[in-house]
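Report on one structure; see the data block that follows.
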Amino acid sequence: QVQLVESGGGLVQAGGSLRLSCAASGGTFGRYAMGWFRQAPGKEREFVGGISGSGTFTYYADPVKGRFTISRDNAKNTVYLQMNSLKPEDTAVYYCAANGKRVSSLSCDYDYWGQGTQVTVSS
């Protein structure tokens, strides 16, 4: 079992930045591809981006491409989501998830999920 705990959410003005962290425990972290998803009120959960187990491959959804960056530190069992140039439409609960196979944009491919952290971007 892998446990995931997100942190770093909060309230930020449009144009600002936040860095989310996701700390993992209970597994061999480097064996898992990690994904970030978000869910806004009244909307379905959507893929934000993902990173391979080694960290060499990243993949982003179009709405965040060029603004968000995913990285990981396998020695610290942590994955990060750096969010720059935030927009009000980025407001959502952000989740990290672990996938024992490969980076995927499909939530059903992920085996473990964190509890989420709220990001609110004011205009």
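Read-outs: derived from the displayed coordinates by stated rules, not from any lab. Predicted model only: the values in this text are computed from it and were never measured. Glycine also receives a Cβ, built like all others from the backbone with ideal geometry; neighbour counts cover every protein chain displayed.
Of the peptides 81-94, 102-115, the ranking by mean beta-carbon count within 10 Å, highest at the top, reads 81-94, 102-115. Segment 75-123 and segment 31-66 have their alpha-carbon centroids 6 Å apart. Could you tell me the relative contact order of the chain? Use alpha-carbon pairs under 8 Å, at least six residues apart, and round to a whole percent. RCO, the chain: 36 percent.
The alpha-carbon of K43 sits under 22 angstrom from the alpha-carbons of these lysines, leaving out residues fewer than 8 places away in its chain: K65, K87. The packing ranking, built from the mean of other Cβ atoms within 10 Å per residue, places the peptides 57-66, 32-41 in the order 32-41, 57-66, highest first. Each Lys and Arg adds +1 at its Cβ and each Asp and Glu adds -1 at its Cβ; summed about the Cα centre, the chain shows a dipole of about 220 debye. When the charge dipole of the chain is built from unit charges on Cβ atoms (+1 for Lys and Arg, -1 for Asp and Glu) and taken about the Cα centre, the candidate among A92, F47, G26 whose Cα reaches farthest toward its positive end is G26.
Residues whose amide H lies under 5 Å from that of F68, counting only those 5 or more places away or on a different chain, are N84; hydrogens are built 1.01 Å from N in the peptide plane. Size check on the chain: the Cα extents along the three principal axes, sorted descending, read 40, 27, 23 Å.
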